[in-house]
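The values are calculated or read from the model by the stated rules, or taken from the named source; none is laboratory data. Everything numeric in this text was worked out from a predicted model, so none of it was measured. A quick note on method: Cβ atoms are made from the backbone with ideal geometry, for glycine too, and the neighbour counts reach across all protein chains shown.
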Amino acid sequence: MSEAAQCVDDRASHDERTLSSAETLLIAIACGALAANLYYAQPLVDLIAPSVGLGNAAEGMIVTATQIGYAAGLILLLPLGDLLDSRKLVLATMLVNIVAILGMVATTSEASFFAAMLFVGASSTAAQLLVPLSATLTPQHRRGAVVGRVMSGLLMGILLARPAASFLADHIGWRGVFVASAGLLLVIGIFLMRMLPSHQSQTRQSYGKLLRSLATLLATEPVLRRRAFYHAMMFAAFSMFWTGAPLLLLSDAYGFSNSQVALFALVGVLGVFAAPVSGALADRGHGYAGTIAALSIAIAAFALAIFGNHSLLALLAAGVLLDLGVQGNMVISQREIFALDPEIRNRLNAVYMATFFCGGAVGSALVSPLMHYFGWNLFAIVGTAFPVVALVAFFLFEPSPSETPRAETASDVA
């Protein structure tokens with residue numbers, strides 16, 4: 001971190017008021033509710049497609065459209081957090097999200113449905129505006145713990161979205177699921193309007209220059225480059241498992257129903273407990289050891305998953321361990337990149353998220369060919385390779401704690 005950036009961060013930590021426990025909880029809930037929008041549709045594709053006139057070939061595009069919108073939002077919206085008042089930007093983006101959800105529910109046209117889905121995905125990135133804001137409004141010695149709590153909320157939303165959508169759709173239909181989401185976001189937005197502190201960035205660059213700077217961040221920030229790579233590998237493994245495991249459970253090997261698969265997915269909720277613990281460990285200067293532990297846990301998870309086609313207990317244990325490792329690594333990595341420069345936190349987060357999002361896309365794309373042509377065992381072996389590559393890269397390229405610059409260590413903020 002540069003001396004000027006450290007001074008700005010010190011002012012943010014000591015001169016401005018910091019987040020209260022209630023504000024942190026509210027931000028965590030908001031992040032979860034926004035992130036859940038990306039996943040509600042996944043188990044509801046068979047219900048959504050006929051109601052908006054989609055054929056079988058276009059069903060997969062329902063989820064893809066949201067993901068494309070989200071990727072666009074990461075690149076186009078997050079840099080605005082380094083330019084505008086973060087509170088106003090978050091509230092405006094949430095309002096767009098609510099309108100887009102209601103538009104998606106109201107439409108019966110294929111073209112307008114996909115356009116609404118793109119906007120739902122793009123505006124759901126308001127969650128990723130809240131994460132760096134929570135870091136900015138928190139003293140450095142508490143930042144990992146607070147970011148961990150916020151990420152716990154975000155991850156809880158991701159993990160609960162699929163089973164919640166499956167259960168609710170049986171009672172209120174797929175449109176009811178999204179109307180409920182819009183109502184929840186409206187309530188949360190009202191509370192955020194009253195409680196969320198303002199934060200005006202000091203950046204005076206143009207929006208175009210901010211966008212162009214994204215392309216150079218990976219080249220000029222080695223911490224960002226390393227951490228984005230580690231988590232791209234981890235998220236590839238995560239996406240592989242949580243796309244492949246339901247297919248295994250629905251197959252003749254287990255013969256689960258959709259509701260039973262939804263119950264299985266709930267084991268992933270245990271992973272959220274890794275986020276605040278990992279953040280607190282990083283605050284105490286244990287980020288190096290914590291990363292090794294997180295990557296190793298993910299390797300152990302896939303080693304267990306190899307037996308998942310014969311043992312439900314092994315598959316359950318693999319799901320729990322994988323989520324613990326992935327969420328732990330994510331929070332430690334975010335704490336590291338948020339320490340680089342407080343004035344570019346939103347752009348750092350945009351590059352970090354977009355990079356590991358690509359890793360997740362690669363992992364998801366491998367599932368069908370691997371399981372169809374080679375079966376579950378090779379699928380699990382390939383999944384193991386991703387965290388193994390991340391761990392090897394960590395040992396090769398990550399500076400040991402004794403080599404880390406003093407400005408980037410927890411000892412700086414005793």
So Val90, is it touching a residue at least 24 places away in the same chain (Cβ under 8 Å), surrounded by fewer than 21 Cβ atoms within 10 Å (Cβ to Cβ), in contact with a helix residue (DSSP H, G or I) (Cβ under 8 Å, 6 or more places away or on another chain) and under 19 Å from Ile29 (Cα atoms) = no
Scan (1) surrounded by 14 or more Cβ atoms within 10 Å (Cβ to Cβ); (2) at pLDDT below 90 for the single condition Ala215 breaks and write down its number.
-> (1)
For region 323-346, name all the residues that are closer than 24 Å to Arg204 by Cβ and touching a Gly at 6+ places or on another chain (Cβ under 8 Å).
-> Arg345, Asn346
Kindly list the number of the only condition in (1) hydrophobic (A, V, I, L, M, F, W, C); (2) over 24 Å from Met330 (Cα atoms); (3) surrounded by fewer than 24 Cβ atoms within 10 Å (Cβ to Cβ); (4) touching a Gly at 6+ places or on another chain (Cβ under 9 Å) that fails for Met117.
-> (3)
Leu340 fails exactly one of the following numbered conditions: (1) assigned to a loop (DSSP other than H, G, I, E, B); (2) modelled with pLDDT of 90 or more; (3) within 26 Å of Val150 (Cα to Cα). What is the number of that condition?
-> (2)
From the list Leu249, Leu266, which residue is in contact with a Phe, Trp or Tyr (Cβ under 6 Å, 6 or more places away or on another chain), surrounded by fewer than 22 Cβ atoms within 10 Å (Cβ to Cβ) and assigned by TED's automatic domain parsing to the domain that holds Glu343?
-> Leu249
For His199, which of the numbered conditions (1) under 24 Å from the mean Cα position of the chain (by Cα); (2) of a type outside the set (Ser, Thr, Tyr); (3) modelled with pLDDT under 85; (4) not assigned by TED's automatic domain parsing to the domain that holds Pro43 fails to hold?
-> (4)
